[in-house]
1. Mind running the shape call on the range 43-202? Use the C-alpha gyration tensor, a ≥ b ≥ c as the square roots of the eigenvalues: rounded below 1.5 for a/c, prolate if a/b tops b/c, oblate otherwise.
2. List the pairs from 116/156; 89/212; 203/224; 126/156 whose alpha-carbon separation is above 23 Å, in the order I gave them.
3. Apply the a/c threshold of 1.5 to the C-alpha gyration tensor of the range 49-104 and tell me whether it is rounded, prolate or oblate.
4. Could you sort the peptides 145-154, 160-169, 93-102 by per-residue average Cβ neighbour count (10 Å cutoff), highest mean leading?
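Any read-out appearing in this document is the output of simple, stated calculations on the displayed coordinates, not a laboratory observation. This is a predicted model, so every value here is computed, not measured. Ideal geometry is used to build each Cβ from the backbone, glycine not excepted, and the neighbour counts take in all protein chains shown.
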Amino acid sequence: MKTEIRERYGSIAKTEGSCCGPTCCGQDDVAELETPGRPAYEGHDQDVVETTNQGLGCGDPVRFSGIEEGMTVLDLGAGGGIDVFLSAKQVGSTGRVIGLDMTDEMLERAETNRKKLGLWNTVFLKGEIENIPLPARSVDRVISNCVINLVPDKEKAFREIHRVLREGGAFVISDIVTDGTIPDLYREDPFLWSGCVAGAMDKAAYLETIQKAGFGDVRVLTEKRTSDPGTLPFSVYSVTVTGVRGEGL
């Protein structure tokens, strides 16, 4: 699965097109599903948006993250860096934003974008979300945009998010979830994994996984159906979710 994801997103990194979402898959059996679509990014720095938006997200986690000047922010699955750079505008010269991605081509694109924008309070690291290459309790906010659904071991991913957050720190994640069971036909297809469909969890199980990782105040901030009701045995939603690492957790 990870090899397929790397190859697909490596290819996307070399183009201007978007391919997050099932309509990019070109398969008739998922044609009725809608793509999560490009976040509007309204109210953000439009120079950053126009320079870096590849249309790979399914929400706007930066909008809800409460990022303040001087914070350290971690973006998981940073891609070309749009959410990193939007966050960098908010943390200012005394803060830092770290973008993590496992795809070499995306990291190269992010560095190119960084040079174009001149936002030097940012850094990009290669790594996987299940093994974040940062010390414990080292960041104030974790954000991610349409990426956790691509991670095979989501329990480990949320434990890692919990580990790297400081006490009182929070995550804000936009992601794809389902309501209903995804048939094995979808689950076993690596291409549908990389298309943000097959790896999605049922929403209730997703929230339970977050709580088991030790987070409190777990809430769904936004929710939007991205598939037509009644056409499949499961429904697909884009959601934005938050949770807080309480003191001592």
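1. Values: a/c = 1.83, a/b = 1.44, b/c = 1.27.
Verdict is prolate for the range 43-202.
2. Beyond 23 Å: 116/156; 89/212.
3. Judged from the Cα gyration tensor, the range 49-104 comes out prolate (a/c at least 1.5, a/b above b/c).
4. Working: 145-154: 22.7, 160-169: 19.2, 93-102: 21.2.
Averaged packing, sorted descending, gives the order 145-154, 93-102, 160-169.
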